[in-house]
Amino acid sequence: MTAQPLPDSSISLTYTTPESPPHLHHAPLPVPGPNQILVKIHAAAINPVDIQLWGNPLLGLLAGRREKGLGRDYAGTVAGIGSALRKSSQWQLGERVFGLCNRPTGEGTFAEYLCVTPASEPVAKMPQAWGFEEAAAVPLVVLTAFACLAWLPAETESPNGAARRVVVGGASGGVGMWVVQLAKVYGCHLTGVCSGKNAEFVRGLGADDVVDYNRQDVAETLLASRPEGRKYDLYVDCVGGTEMFEHWYDLLHKNAAYITIVGDKTSRTAMGGPFTYLTYPSQIWRHVYGFFFGPRYANVLLYQKSELLEQVAKLADEKGVQIVVQDVVKGILSEPGHVDAWDKVKGYMVEGRVRGKIVVSIP
Ligand SMILES: NC(=O)c1ccc[n+]([C@@H]2O[C@H](COP(=O)([O-])OP(=O)(O)OC[C@H]3O[C@@H](n4cnc5c(N)ncnc54)[C@H](OP(=O)(O)O)[C@@H]3O)[C@@H](O)[C@H]2O)c1
């Protein structure tokens, strides 16, 4: 693959103070350091965390008025290779890559060009089967799903044997759809909790059972569905709240785990994840009690590992996986199109009704 001529500058969508309208930022083309690659981004994805960071006053205070990028996921082509990495043949110019750029107050992926450090940031070669828009929809959510499923108890510790029973709340969302698909790869029995309109979609991802949270009492339905009363192995919560804790010991066996990526909070725009141990201290008690007596409780953060992106790329090439992109939003780096494009992607995240992912295309 040959090198394409590079421009002198790169455009990105950035903001300065919390909740200030994002604007187009023109900067000189970033130059990759010795251990970095330069990526020409072709597609990126929005996640709830983008809105949570953009609106976070504490972060605004700590980071000051510097330009802060939006977007964490990206897919693109290698446009430059740092001097140290050129010695190995790991990266080639023009190669298609996808990855996660998790820099809360730094650069984002709603940008034409981005330097990434493969030794410390998750990045991998794209599988043959995917286009850029599909690949951009994957990194953050799949890395979170892997972090949740790491808590699946071993077969020998489960009353359900090899077909361990997993429940995922929010099965039709970005993270949920990967928990469903990966749990099925691990040979688990999967129950997805979603609204009725998404039931067939979640079944299509591989879920064995579906509970419609609008029409059924979720806890009662789960309790009634236990074969011979055998309890569940893992509950993955992608929505937040405390509704399930009343039934904690009836739902989960001693070696099982309740894993949340949100916490007790239910707001879509407030920061979730392990940070909420500080704002909801009852989570600490649950965590400590579960550690000693079971079932385990943890509020987890996504994994940042390139190997896991390589693993999912291999899975895509060998077995096939479904990547569901509800909408591809255009114009995020154009003037004045970025205003409407930002409003649209922000609206999707605040509303919280997306099936799969929302992607932005980057020309
Ligand atoms: N800790 C971490 O590392 C980490 C990483 C990623 C994400 N997160 C957090 O995890 C949450 C989910 O992220 P995501 O990207 O998967 O979100 P998402 O794709 O925006 O989730 C939207 C989905 O949630 C479903 N949903 C909404 N309310 C529900 C309910 N009560 N029960 C079941 N499903 C419900 C919606 O389906 P319906 O329209 O059918 O209701 C929709 O399909 C966010 O709060 C995010 O900030 C944390």
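Read-outs throughout are calculated quantities, based only on the coordinates presented, and are distinct from any laboratory measurement. A quick note: this is a predicted structure, and the numbers were derived from the prediction, not measured. With ideal geometry, Cβ positions are generated from the backbone for all residues, glycine too; neighbour counts draw on all protein chains shown.
A simple spin-label model places pseudo-atoms 7 Å from Cα toward Cβ; at GLN322 and SER83 they are separated by 5.0 nm. For the chain, a Gaussian network of Cα nodes joined below 10 Å ranks ARG65, ARG164, ARG96 by mean-square fluctuation, and the top entry is ARG65. Taking the helices alone, the chain has a mean residue ellipticity at 222 nm of -8000 deg cm²/dmol, built from -39,500 (n - 2.57) per DSSP H run of at least 4 residues and averaged over all its residues.
For the residue pairs LYS330/LYS357; LYS231/LYS319; LYS265/LYS344, alpha carbon separations beyond 21 Å are given by LYS231/LYS319; LYS265/LYS344.
Could you calculate the FRET efficiency of GLU335 with LEU61 from 1/(1 + (r/R0)^6), where r is the beta carbon distance between them and R0 is 35 Å, rounded to 0.05? If you can, show how the numbers build up before the last one.
Working: r = 30 Å, r/R0 = 0.85.
Calculated value: 0.75.
The ranking of LYS319, LYS357 by Cβ neighbour count inside 10 Å, starting from the fewest, reads LYS319, LYS357. Cross-link partners for LYS254 among the aspartates and glutamates, with Cα-Cα distance under 14 Å and sequence neighbours closer than 8 places in the same chain left out: GLU155, GLU157, ASP233.
Relative contact order, percent, of the chain when contacts are C-alpha pairs under 8 Å separated by at least 6 residues?
Working: 823 pairs, mean separation 69.4, N = 363.
Worked out over the chain, it gives 19 percent.
All other residues with a Cβ under 15 Å from the Cβ of VAL211 taken together, and with Lys, Arg as +1 and Asp, Glu as -1, what is their net charge? Residues near VAL211 contribute -3 overall. So, in Å, what gap is there between the alpha-carbon centers of region 343-362 and region 231-261? Taking the Cα centre of each part, region 343-362 and region 231-261 sit 28 Å apart.
Where the only charges are on Cβ atoms (+1 Lys, Arg; -1 Asp, Glu), what is the dipole of the chain about its Cα centre, to the nearest 20 debye?
On the way: 33 positive and 35 negative charges, 91 e Å.
So the dipole magnitude of the chain works out to roughly 440 debye.
When ILE259, ILE37 are arranged by Cβ crowding within 10 Å, least crowded first, meaning fewest neighbours, the order is ILE259, ILE37. Each of ILE362, ILE11 was scored by other Cβ atoms within 10 Å of its Cβ. Arranged with the fewest first, they read ILE11, ILE362.
Can you give the convex hull volume per residue for the Cα atoms of region 245-294, as a whole number of Å³?
Working: hull volume 4.0 nm³, N = 50.
Hull volume normalised by residue count: 79 Å³.
Straight-line cross-link reach from LYS87 at under 22 Å between alpha-carbon atoms covers these lysines, not counting any fewer than eight positions away in the same chain: LYS40, LYS125.
Return a whole-number percent for the relative contact order of region 1-83, with Cα pairs under 8 Å and 6 or more residues apart as the contact set.
Averaging sequence separation for qualifying contacts and normalising by length gives 40 percent for region 1-83.
How much FRET efficiency would the formula 1/(1 + (r/R0)^6) give for ARG230 and GLN128, where r is the Cβ-Cβ distance and R0 is 30 Å, rounded to 0.05? Efficiency, rounded to the nearest 0.05: 0.15.
Compute the normalised compactness of the chain: alpha-carbon radius of gyration over 2.2 N^0.38 Å, N being the residue count.
Working: Rg = 20.9 Å, N = 363, 2.2 N^0.38 = 20.7 Å.
Scaled against compact globular proteins, the figure is 1.01.
Per residue, the convex hull around the alpha carbon atoms of region 152-299 comes to 101 Å³. Mind checking the log10 I(q)/I(0) for region 1-120 at q = 0.10, 0.14, 0.18 Å⁻¹? Debye, one equal scatterer per Cα, no solvent, two decimals. Results for region 1-120 at q = 0.10, 0.14, 0.18 Å⁻¹ read -0.31, -0.59, -0.91. As a length-normalised measure over Cα pairs under 8 Å and 6 or more apart, the relative contact order of region 141-276 settles at 24 percent.
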